[in-house]
Structure formats: C-alpha cells, structure tokens
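This report concerns only the one structure given below.
The values are calculated or read from the model by the stated rules, or taken from the named source; none is laboratory data. Predicted, not measured: the structure shown is a model, and the values here were computed from it. Ideal geometry is used to build each Cβ from the backbone, glycine not excepted, and the neighbour counts take in all protein chains shown. Heads up: the accessible areas ignore ligands, DNA and RNA and are worked out on the full protein's heavy atoms, side chains in. Shrake-Rupley method; radii C 1.70, N 1.55, O 1.52, S 1.80 Å.
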Amino acid sequence: MLTEDTPMDSVEKENLRRAQKYTKDAKVGEGAYAVVYKGREIATGRQVAIKKIKVGQFKDGLDMSAVREVKYLQELHHPNVIELLDVFSSKTNLNLVLEFLDGDLEMMINDKTQKFQAADMKSWMVMTLRGLEFCHRNHILHRDLKPNNLLLASDGQLKLADFGLARDFADPGLKMTCQVITRWYRPPELLFGCRYYSGGGDMWSVGCIFAELMLRTPYLPGESDVDQIKTIFRALGTPTEEEWPGYTSLPDYVSVGHFPKTPLRDLFTAASSEAINLLAKFLAYDPMRRISAREALNHAYFFQAPNATHHSRLPKCKIVSTEPEEPPTHDNAKMDLMKSLTAGPSSGRKRKSSIGHEVVSRPPALRHMDVDKHESL
Amino acid sequence: MNHIKQEDIKPALVQEEPKDALSLSAATLTTNGKKEVKKEDVDVVKPLVRESDGRKSLWQGSSQYRHWMFSQEMLLKQRTHTNETAVTAIKRAYEAEETGSSNGIEFINAQEEYALVKLYVDKISALCDHFRWTEEVEATAMTYLKRFYLKNTVMDWHPKNVMLTALFLAAKTTNQPISLDAYTSAIPKTSPSDVLDLEFLVAQSLSFEFAVWPAFRAVWGIWLDLQSLPDTRPEAIKDILNAAREHVRTARLTDAEFLYPPSQIAAGAFWLASETLTEQWAKAKGLTASELEPIKEVARMIERENEPGGRINIELVRDVDRRLRLCKNPEKIPGTNAYKRKQAAAEAAANEKRAKKLAAEQQAGSMDVDVFGEKIFIGDVKQEAKPDLGFSSGDED
Ligand SMILES: Nc1ncnc2c1ncn2[C@@H]1O[C@H](COP(=O)(O)OP(=O)(O)O)[C@@H](O)[C@H]1O
Ligand SMILES: [Mg+2]
C-alpha cells in the first residue's frame with residue numbers, strides 16, 4: 001500500500017486521498033464504455049455509484065465520452081442533474097464517483113404493474129424540464145435525452161444523467177454534428193442533417209418522453225433513420241412549408257411521401273387539453289418555434305389541476321419486478337389506433353411495442369465514434 | 001475576493017430561479033391535489049429548491065471560480081510551496097544516491113519556474129495556428145498549462161511535453177479532437193507516448209476540471225454593450241474591439257485569470273483600448289468606483305506585460321533551462337538509480353496490494369472486491385535537450 005512515506009507528487013497524493021474515501025462493492029451495470037459499481041463513502045456511509053472508465057485501451061488517450069461527462073458534471077450542480085461527487089484515477093482507469101440512483105424512467109415505464117396518475121407524469125416532466133432548463137441556462141446541450149438516461153433516486157427525484165454526448169453552445173453559429181440523440185428521440189432537423197442547432201433538439205426529445213409516459217410505449221419508434229422520418233410524419237403529418245420554412249433544402253432532406261395531419265387528441269385520449277397543447281409545442285416541426293425548457297415550465301399544463309405529485313410520493317422503481325403482468329384491458333383499442341398512427345402498415349419483423357407485451361428493441365446507444373469526426377472542424 | 005457579482009461571459013438570460021411549476025408542486029406537497037392553484041399563489045410560495053439550485057450566478061457555481069481563483073498572496077504561496085516541496089524531494093533523491101551529492105546544486109526557484117512556463121504558454125499560439133484551432137482551444141490549453149504548474153514543478157516535468165499534452169487535451173475538452181498520430185506527426189521530435197504518458201497526470205493536476213471560462217468570450221459581451229451606448233460610432237468601436245482582443249491575448253501571458261474573473265479581464269482590455277468608452281460603459285452598467293478598481297488593475301497588468309522587460313525574459317529563461325538539466329528530479333529520469341528505486345517501490349506496493357486483494361477475494365469469495373489506491377503508472381517525459389520547431393527555451397549551444 002502506498003502511504004505518506006512513499007515519495008509521491010502532491011498530485012498523486014491528492015488522487016490517492018480521493019480514491020481512499022470510497023469502497024467499491026458489487027457491479028451494478030455496464031454501459032458502452034464503462035462498468036458501474038455500487039460503493040460507499042467510508043466517512044459517511046453514503047451509498048455511491050462508481051463509474052469506472054477504462055482509458056488505457058484507447059490509442060488516442062482519454063475517451064471523448066469520458067471527457068464530456070466529466071467536464072459538464074463538474075460544473076452542473078442541480079437537484080435534477082446527477083451529482084458527480086469525485087473523480088480519481090486508478091491504474092489506467094478513470095473513476096467517476098456519482099450519487100447512487102435506484103432506477104430510471106425506462107424501467108418505470110416498462111413496469112406495467114405501476115399505474116401512473118396524470119399528476120405523476122406531470123411531476124416527472126417538471127423535474128426533467130428543470131434539470132434541462134438548468135443545462136440550457138449554462139449553455140449545455142444534453143443531446144441524448146431518453147427515458148433510460150433519466151435516473152430516479154430513492155426519494156423520487158429525477159436526475160438527468162449520461163452526459164457522454166453533451167456539448168456547449170456558448171459560441172453561436174458553431175457547426176455541430178447531427179449524429180446525436182438516440183434515433184427515436186431525434187428531432188426531424190437532425191434527421192435531415194441540420195448542423196446548426198441549439199436547445200430545440202433536446203426539447204423534441206422531451207416531447208417524445210412526454211408522449212411515452214402517456215402511452216407507456218415509445219411514441220416514434222423508427223427502424224432506421226429514414227424510417228424515423230416516415231414514422232414522425234405519419235404521426236404528426238408531413239410539415240407544410242409554412243409550418244417549417246425551408247426544411248426541404250436541408251442537406252439530407254428526403255421526401256418520404258405526404259401524410260395527413262391527425263389530431264394528437266385521437267391518440268392521447270386521456271390527456272388534458274393543456275397536456276396536448278404542450279406536447280404539440282415540444283413537437284413543433286420548426287426548431288425555432290419549438291417551446292424552450294423555460295417556457296415549458298411556465299406552460300398552463302403545470303398550473304392546471306391536478307398538481308404535480310411531490311417526488312417523495314411518486315411510484316417507486318422496482319429493481320426486479322417478479323409480479324406477473326396485468327392482462328391488457330382498455331388499452332387494446334388505443335393500441336390499435338396507435339399502430340395505425342405511428343407504425344403504419346405492419347411490416348415483416350415487428351418489434352413494435354404493444355403496451356409492453358413484446359420486448360421493444362431499442363436503438364443502439366450513440367457513442368463518441370459517431371460524433372467526434374463530425375465536430376472537429 | 002473582490003469580484004463583481006455580475007454574471008460572467010455568458011449573457012444572463014435567466015437570473016433567477018424561474019417561478020415555475022415546481023414552486024407550484026411545492027405549494028401543495030400532496031398527491032393529486034384537486035385545488036386549482038391560481039398564479040398569484042405561486043408567487044408567495046417558497047419554492048422547493050435548495051440554495052444550490054442555480055440561484056447563484058453560473059460563474060459562482062463554476063469550478064474556475066470555486067477552485068482556481070486566488071489572491072495575489074495565495075498564488076505566490078502556492079507556487080513557493082510547490083517549488084520548495086519539490087526541491088526537498090529532489091535533494092532527498094540525490095542524497096539517497098550519494099551523500100552530499102545535492103550540495104552545490106543550483107535549484108530553480110518559483111519565479112524562475114514561472115518564467116520558463118510562460119515561454120511555453122506563449123508557444124501555444126503558433127501551434128494552434130498550425131492546426132487551425134479556435135481561440136477557445138488556445139485559451140483553454142494555456143490555462144491548463146498554467147494550472148498544471150501550480151501543482152507541479154518543471155524539475156519533475158519539463159514544460160515542453162506538458163504543453164503539448166495540455167494542448168492535445170484542450171482540443172478534446174473543447175470538442176475539437178484530432179487523432180494522436182495526426183497531432184504528434186505534425187510536431188517534430190514528438191512521439192505519441194510523449195503526450196499519452198502525461199495525459200493522465202495533466203488531467204489529474206487539473207483535478208479533472210476541464211471547463212474554462214475564457215476572457216475572450218466576455219469581450220463579445222462588452223462589445224455588444226458598447227454598441228448600445230448612445231454616442232458610439234460603429235467605425236470607432238471596431239478598432240476598439242480589435243485592440244481589446246489583442247489585450248486579452250496579452251493577458252493570457254499574465255496571472256490575471258487566477259486573480260480576476262473573465263468579465264473584469266475583458267473590461268480591463270477595453271479600458272486600455274478606450275478609457276473614455278469603457279468609462280461610459282461602466283457608468284451605464286452602474287459600476288461603482290471600487291468595482292472599477294480591479295478593472296484598472298487588470299489594465300495595469302497588461303500594460304506591464306507590454307513594457308520593455310515584460311513578456312518573456314529570454315536571458316533568464318536560457319539560464320533556467322541550462323540549470324534545469326542539472327537539477328531535474330532523478331526519480332523522473334528513466335535509467336537513473338533513483339528512478340529504478342522508485343519504480344521498484346511502486347511495484348512492490350502494487351504487488352502487496354494485489355496479494356491483499358487476492359486474499360480478500362478468497363476470504364469474501366467474491367470477484368468484485370477491489371481496493372483503490374494503486375499508484376497509477378505514469379510514464380516519463382523524455383526530456384529533450386533541444387526541442388525543435390521553435391520550442392527551445394533558448395539553446396545555448
Ligand atoms: N449513478 C448510478 N447509480 C446506479 N446505477 C447506475 C448509475 N449510473 C449508471 N448506473 C448503471 O450503469 C449502467 C451504465 O451506466 P451509463 O452511465 O448509462 O453508462 P454509459 O454511458 O456507458 O451508457 C446504467 O444503465 C445503470 O444501470
Ligand atoms: Mg447510458
């Protein structure tokens with residue numbers, strides 16, 4: 001064991017001091033480039049998650065996802081953003097000490113034994129928007145919002161996590177890559193190759209998450225990038241030039257046919273008119289006209305009954321659900337309508353969700369390889 | 001610290017916690033409250049937010065404000081401490097090799113270290129031009145290099161490779177990465193390992209705090225303010241903008257960023273560019289005389305840099321670099337006995353740790369047990385006597 005007696009640089013000493021503050025126990029998860037362990041802060045007994053990122057394996061040194069995640073989490077301190085408690089290195093690994101979180105919104109949505117009240121959804125939306133408003137106020141784009149990256153604490157607080165694709169947009173007019181945001185949550189302007197964007201992209205994702213909370217199944221599950229555009233147009237109608245000026249001149253524009261507009265109300269039957277109104281504003285085609293996080297927090301939806309559930313009273317995440325699923329009931333009709341609106345004529349291999357009865361195969365997570373080449377301009 | 005409380009760099013779009021739905025949910029704290037809450041109610045409700053919720057300015061929440069700002073005295077103390085600790089350790093390493101061998105070595109003092117580091121800070125610009133990197137990369141890399149030497153000594157790590165590593169890392173952290181091969185092949189006498197071996201050490205020395213608030217961005221903010229002043233002609237302020245940007249570049253060679261927030265550095269640069277306009281600006285902003293004081297101090301700092309004897313003191317740097325070869329930490333030079341001894345000690349510690357871990361695993365019957373604290377492997381800088389591409393700190397031969 002290295003101790004104070006072993007000659008060491010102050011920087012190494014500091015690193016050692018940080019490392020020794022924590023224990024590392026069982027593995028709890030594995031991501032694209034990291035292994036996550038459960039651990040404890042020895043002095044306080046506080047439970048933590050230790051995200052161990054292998055660095056030695058990369059020929060270009062520190063991995064970009066790790067760099068982004070560390071850079072932004074070091075600056076962002078907000079109840080609805082995951083807290084980075086410490087960073088230290090061991091051998092050739094980088095260790096991020098994060099607050100421990102029990103589950104995520106995807107688990108919650110998939111757990112069909114949980115019934116969501118309108119007030120619960122409102123609460124998750126509020127927390128998502130508050131975290132995001134804080135990021136955007138700090139000129140940081142998340143660029144990978146999806147239920148799986150909205151983690152849930154034991155006290156019910158929702159936290160934005162996984163900043164591996166985030167970047168800042170303090171300098172306006174900076175060209176960015178469109179290869180961000182997991183497909184189902186990716187806005188149409190990115191699908192059409194738009195390289196200049198700001199907070200609007202994240203807001204589209206929030207709209208998809210809002211819809212998913214209400215439907216309990218992904219709203220716009222495209223099977224490929226082109227199919228994603230089709231899926232969006234089928235659900236929301238092909239945009240008119242008036243609705244989204246100039247979109248047909250975007251770099252990767254493709255025509256996918258004309259789809260009529262169907263009122264959101266037809267699918268979101270149980271939603272209040274304010275909820276529908278807000279959803280439509282998240283899913284505005286023109287990114288310039290899309291609602292911002294801040295505006296959304298002041299939207300009438302949040303000021304109408306029922307009031308958002310206090311986070312401590314929200315449904316709790318069950319880590320492993322062993323209960324049998326309830327049989328489908330009134331959801332069937334809605335589901336069929338959903339299919340007709342979002343899935344279109346059923347194609348061969350269906351992995352369309354049917355309110356949870358088939359396993360939804362989610363699009364792969366995006367990683368730095370897709371992103372970096374496009375942004376090093 | 002005597003900083004202005006105003007928002008820095010980034011325009012203050014939202015100064016206060018928005019009165020939003022959360023204030024509302026705080027109002028009721030109950031599930032499914034049926035009561036319709038009127039907007040007026042929201043205003044009187046204490047929002048369910050902690051002080052840390054971003055109510056502080058963004059600047060005050062930043063790692064730069066929290067960990068990298070000093071008073072003049074603290075900064076001097078920090079550098080002196082780093083330097084003296086290093087000298088003690090190096091003396092000990094020499095003595096371990098041969099008693100009396102550290103006598104007569106002319107160690108480098110803190111001021112001399114700073115002079116040498118400054119030379120390499122200055123060299124970053126040319127490299128950024130070469131790779132066509134933005135000013136953000138340049139400013140960030142310079143900050144990294146300066147921060148590195150608050151915690152490390154040039155006697156352990158020569159600034160040339162640290163500078164190259166800081167720049168490579170800055171390109172990544174500002175989202176403009178290039179491959180290591182492309183980077184090192186464009187720089188003479190530099191191999192990928194020169195950079196890779198130091199990257200972890202540099203990141204650690206920065207406490208993994210990569211975000212930097214550069215003053216050049218604050219320049220834009222002030223420039224926009226200037227345009228809205230009543231009697232400013234566009235032609236007049238255009239020259240002023242360019243002058244201010246040049247002054248901010250000069251400020252990067254000074255300690256200004258450790259002592260003043262970026263907005264004050266930018267304002268100091270404008271002060272030098274046009275005192276009258278900046279005075280008008282300050283008046284419009286409602287700055288008091290005491291708030292103007294640090295701005296003038298920054299201006300004086302930049303001015304001193306431009307005076308004869310400012311910038312890089314080539315004579316001194318030449319001498320420092322010559323002496324550096326005689327007082328490098330032998331523990332950091334591959335091949336020396338001290339180096340071998342240190343490596344062996346680290347290895348023994350690692351072995352001991354592995355044995356402990358194995359024992360613990362066998363005892364716990366778990367494969368997941370791990371203990372931190374293993375010394376990270378840090379390769380060594382191959383310290384070249386003569387760096388190339390104009391990196392040389394003044395070769396005497
Ligand atoms: N703070 C945390 N608390 C508990 N589990 C976590 C935490 N962070 C991550 N995990 C678990 O580890 C998995 C991978 O982490 P993630 O951050 O998503 O890695 P990646 O960025 O590689 O996808 C997550 O899906 C989750 O199960
Ligand atoms: Mg993930």
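Evaluating A:Ser65 against the criteria (1) away from ligand 1 (no atom under 12 Å from the Cβ); (2) among the polar types (S, T, N, Q); (3) within 12 Å of chain B (Cβ to nearest Cβ) leaves one unmet condition, (1).
Regarding the range A:223-231, can at least one residue be identified that is within 16 Å of ligand 2 (Cβ to nearest atom) and touching a residue at least 40 places away in the same chain (Cβ under 8 Å)? The answer is no, given that none of the residues of the range A:223-231 is within 16 Å of ligand 2 (Cβ to nearest atom) and touching a residue at least 40 places away in the same chain (Cβ under 8 Å).
Per the conditions (1) more than 11 Å from every other protein chain (Cβ to nearest Cβ); (2) surrounded by 24 or more Cβ atoms within 10 Å (Cβ to Cβ); (3) not aliphatic (A, V, I, L, M), the sole criterion not satisfied by B:Thr174 is (1). In the set A:Thr248, A:Thr231, A:Thr238, only one residue is farther than 16 Å from A:Gly193 by Cβ, assigned to a helix (DSSP H, G or I), modelled with pLDDT of 95 or more and not hydrophobic (A, V, I, L, M, F, W, C); that residue is A:Thr231. Considering the range B:209-297, the qualifying helices (runs of 4 or more DSSP H), each wholly inside and each with 1 or more residues that are modelled with pLDDT of 95 or more and closer than 30 Å to A:Leu62 by Cα, run over B:215-227, B:234-251, B:256-259, B:262-273. Note on the range A:173-189: residues that are of a type in the set (A, V, I, L, M) and either open to solvent by 20 Å² or more (accessible area, probe 1.4 Å) or not in a loop (DSSP other than H, G, I, E, B) (or both) total 1.
Counting just the residues of the range A:91-107 that are open to solvent by less than 10 Å² (accessible area, probe 1.4 Å) and more than 15 Å from ligand 2 (Cβ to nearest atom), which one comes out modelled with the lowest pLDDT? Looking at the filtered set, the residue picked out is A:Leu94. Against the test of being at positive phi and polar (S, T, N, Q), the options B:Asn152, B:Asn161, B:Asn175, B:Asn83 yield a single qualifying residue, B:Asn175. Within the range A:9-36, the set of residues being more than 7 Å from chain B (Cβ to nearest Cβ) and within 16 Å of ligand 2 (Cβ to nearest atom) comprises A:Val28, A:Gly29, A:Glu30, A:Gly31, A:Ala32, A:Tyr33, A:Ala34, A:Val35, A:Val36. Restrict the check to the range B:127-142 and report whether at least one residue is at positive phi and either open to solvent by 10 Å² or more (accessible area, probe 1.4 Å) or outside the structural domain of B:Thr80 (by TED's automatic domain parsing) (or both). Yes, the range B:127-142 has at least one match. Part of a loop (DSSP other than H, G, I, E, B), touching a Cys at 6+ places or on another chain (Cβ under 9 Å) and within 11 Å of chain B (Cβ to nearest Cβ) - does that describe any residue in the range A:81-96? Looking through the range A:81-96, none of the residues is part of a loop (DSSP other than H, G, I, E, B), touching a Cys at 6+ places or on another chain (Cβ under 9 Å) and within 11 Å of chain B (Cβ to nearest Cβ).
Residues are listed down the side, and each one gets a yes or a no for (1) surrounded by fewer than 19 Cβ atoms within 10 Å (Cβ to Cβ); (2) at pLDDT 75 or above; (3) in a loop (DSSP other than H, G, I, E, B):
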position: B:Ser23; (1), (2), (3): no, no, no
position: B:Glu36; (1), (2), (3): yes, no, yes
position: B:Glu40; (1), (2), (3): yes, no, no
position: B:Arg50; (1), (2), (3): yes, no, yes
position: B:Thr88; (1), (2), (3): yes, yes, no
position: B:Glu95; (1), (2), (3): yes, yes, no
position: B:Glu113; (1), (2), (3): no, yes, no
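Among the numbered conditions (1) in contact (Cβ under 8 Å) with a residue 40 or more places away in the chain; (2) more than 30 Å from A:Leu16 (Cα to Cα), the only one that A:His139 does not meet is (1). Looking across the range A:18-63 at every residue that is part of a strand (DSSP E or B) and closer than 29 Å to B:Ser193 by Cβ, the one that is farthest from the chain's Cα centre (by Cα) is identified as A:Lys54. Checked against the criterion of being surrounded by fewer than 18 Cβ atoms within 10 Å (Cβ to Cβ), within 13 Å of ligand 1 (Cβ to nearest atom) and of a type in the set (S, T, N, Q), the candidates A:Gln20, A:Gln47 yield just one match: A:Gln47.
For the range B:182-208, taking the residues that are more than 11 Å from chain A (Cβ to nearest Cβ) and part of a loop (DSSP other than H, G, I, E, B), the one that is least open to solvent (accessible area, probe 1.4 Å) is identified as B:Ile187. In the set (1) within 15 Å of ligand 1 (Cβ to nearest atom); (2) in a loop (DSSP other than H, G, I, E, B); (3) touching a residue at least 40 places away in the same chain (Cβ under 8 Å), A:Lys115 fails one condition alone, (1). Would you check if there is a residue in the range A:253-263 being among the aromatic types (Phe, Trp, Tyr), touching a residue at least 40 places away in the same chain (Cβ under 8 Å) and assigned to a loop (DSSP other than H, G, I, E, B)? Checking the range A:253-263: at least one residue is among the aromatic types (Phe, Trp, Tyr), touching a residue at least 40 places away in the same chain (Cβ under 8 Å) and assigned to a loop (DSSP other than H, G, I, E, B). The residues listed here are B:Leu277, B:Leu287, B:Leu272, B:Leu229; of these, the one that is touching a residue at least 24 places away in the same chain (Cβ under 8 Å) and within 26 Å of B:Ile312 (Cβ to Cβ) is B:Leu272.
From the list A:Asp144, A:Asp168, the one residue that fits, being within 26 Å of A:Ile53 (Cα to Cα), within 12 Å of ligand 1 (Cβ to nearest atom), in contact (Cβ under 8 Å) with a residue 12 or more places away in the chain and charged (D, E, K, R), is A:Asp144.
Total residues in the range A:108-129 satisfying the condition of being more than 16 Å from ligand 2 (Cβ to nearest atom), of a type outside the set (Asp, Glu) and open to solvent by 10 Å² or more (accessible area, probe 1.4 Å): the figure is 8. Close contacts from the range B:129-158, counting a first residue that is within 10 Å of chain A (Cβ to nearest Cβ) and a second that is among the hydroxyl-bearing types (Ser, Thr, Tyr) and surrounded by 24 or more Cβ atoms within 10 Å (Cβ to Cβ), with Cβ to Cβ under 7 Å and a gap of 6+ residues or different chains, come to B:Glu136/B:Thr174; B:Phe148/B:Ser205; B:Lys151/B:Ser205; B:Asn152/B:Ser205. Exactly one residue among B:Arg311, B:Arg323 is modelled with pLDDT under 95 and in contact with a Leu (Cβ under 8 Å, 6 or more places away or on another chain), and that residue is B:Arg311. Taking the numbered list (1) under 23 Å from A:Gln74 (Cβ atoms); (2) outside any loop (DSSP other than H, G, I, E, B) in turn, A:Ala170 passes all entries but (2). Considering only residues in the range A:164-203 that are within 16 Å of ligand 2 (Cβ to nearest atom) and hydroxyl-bearing (Ser, Thr, Tyr), the one that is farthest from the other protein chains (Cβ to nearest Cβ) turns out to be A:Tyr185. Residues in the range A:132-163 that are more than 16 Å from ligand 2 (Cβ to nearest atom) and in a helix (DSSP H, G or I): A:Leu132, A:Glu133, A:Phe134, A:Cys135, A:His136, A:Arg137.
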